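A quick write-up on the structure given underneath.
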Amino acid sequence: MGTEQTLYESRLVKSTRKGNYVIYDLDEISVANFMVSLHRLSEKQLVEIQQLKMKLIQCYFRWMSSFF
């Protein structure tokens, strides 16, 4: 099942058929607002995870250098 079909079945988009094509549109502006908010949150979380990863790597190398 494709993403479009999943969104359609969830009633987040509406569709119209134009010949051999199906055009999907967001059902409400609130769906777009939600998707933008989710995208921003995931970007923020990604930055925080990357920062934690760098701190762990630095701590690991400091720990390893203590053996030499």
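The values are calculated or read from the model by the stated rules, or taken from the named source; none is laboratory data. Computed from a prediction, not measured in an experiment: that's the story for all the values here. Glycine gets a Cβ as well: all are built from the backbone with ideal geometry, and neighbour counts include every protein chain shown.
Values computed for the structure shown
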quantity	calculated
Residue in the stretch 22-31 that is in a strand (DSSP E or B), touching a Leu at 6+ places or on another chain (Cβ under 9 Å), surrounded by 10 or more Cβ atoms within 10 Å (Cβ to Cβ) and charged (D, E, K, R) present	no
Qualifying residue in the stretch 48-61 (condition: in contact with a helix residue (DSSP H, G or I) (Cβ under 8 Å, 6 or more places away or on another chain) and either part of a helix (DSSP H, G or I) or surrounded by 10 or more Cβ atoms within 10 Å (Cβ to Cβ) (or both))	no
All positions within the stretch 1-21 that are polar (S, T, N, Q) and assigned to a helix (DSSP H, G or I)	THR3, GLN5, THR6
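Condition check ((1) at pLDDT 85 or above; (2) among the basic types (Lys, Arg)) across all residues:
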site	(1), (2)
MET1	no, no
ARG17	yes, yes
ASN33	yes, no
GLU48	yes, no
